[in-house]
Amino acid sequence: MLGLVVLAKREFEAWFLAAAESLRGRRGLPVDLSAPAAPEEIRGAKEWLSNQMPPTRGYSSTTDQPALAAVVDIESARRADSFDKFYREVVALVKTLSEGEANAIA
């Protein structure tokens with residue numbers, strides 16, 4: 001049985017920070033949002049996102065996380081080393097599973 005475990009460094013939201021430009025204008029984020037230089041080194045990625053939103057809004061992992069995950073740019077998110085690792089592992093797993101199906105059919 002195949003499995004895969006890859007964790008975000010510090011917080012899941014660090015992946016959003018790496019791809020911040022792709023989230024411009026979404027969920028109250030500013031239209032000129034830019035990714036911080038080292039997104040995975042920021043302690044408090046949720047707070048960073050909250051600070052970019054209007055003061056009365058703030059970031060909510062319950063509602064904002066799924067909405068932002070649906071639109072985040074995968075290639076930009078790969079700037080975060082842990083997301084890039086996740087991406088590469090998923091691609092390898094899909095390739096392995098596809099090869100297994102091809103061998104089962106042959």
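The values are calculated or read from the model by the stated rules, or taken from the named source; none is laboratory data. Keep in mind it's a predicted model, so treat the numbers as computed, not measured. Using ideal geometry, Cβ is built from the backbone for each residue, glycine included, and neighbour counts are taken over all protein chains shown.
A few notes on this one:
- Against the list (1) surrounded by 10 or more Cβ atoms within 10 Å (Cβ to Cβ); (2) under 13 Å from PHE12 (Cβ atoms), the condition SER98 fails is (2).
- Across segment 61-91, the number of residues qualifying as in a helix (DSSP H, G or I) and over 10 Å from TRP15 (Cα atoms) comes to 13.
- Residue-level analysis places VAL94 outside the set of residues that are more than 12 Å from the chain's Cα centre (by Cα), among the aliphatic types (A, V, I, L, M) and assigned to a loop (DSSP other than H, G, I, E, B).
- Residues in segment 69-90 that are of a type outside the set (Gly, Ala, Ser) and farther than 12 Å from ALA18 by Cβ: VAL71, LYS85, ARG88, GLU89, VAL90.
- Residues (outside any helix (DSSP H, G or I) and under 14 Å from the mean Cα position of the chain (by Cα)) located in segment 16-35: ALA19, ALA35
- Segment 74-85 residues that are farther than 15 Å from ILE42 by Cβ, paired with ones that are at pLDDT 95 or above and of a type in the set (Asp, Glu) (beta carbon under 7 Å, 6 or more apart): SER76/GLU21; ARG78/ASP84
- Failed condition for GLY58, given (1) modelled with pLDDT under 95; (2) assigned to a helix (DSSP H, G or I): (2)
- Just one of the numbered conditions (1) hydrophobic (A, V, I, L, M, F, W, C); (2) at pLDDT below 95; (3) in contact with a Gly (Cβ under 7 Å, 6 or more places away or on another chain) is not true of VAL31: (2).
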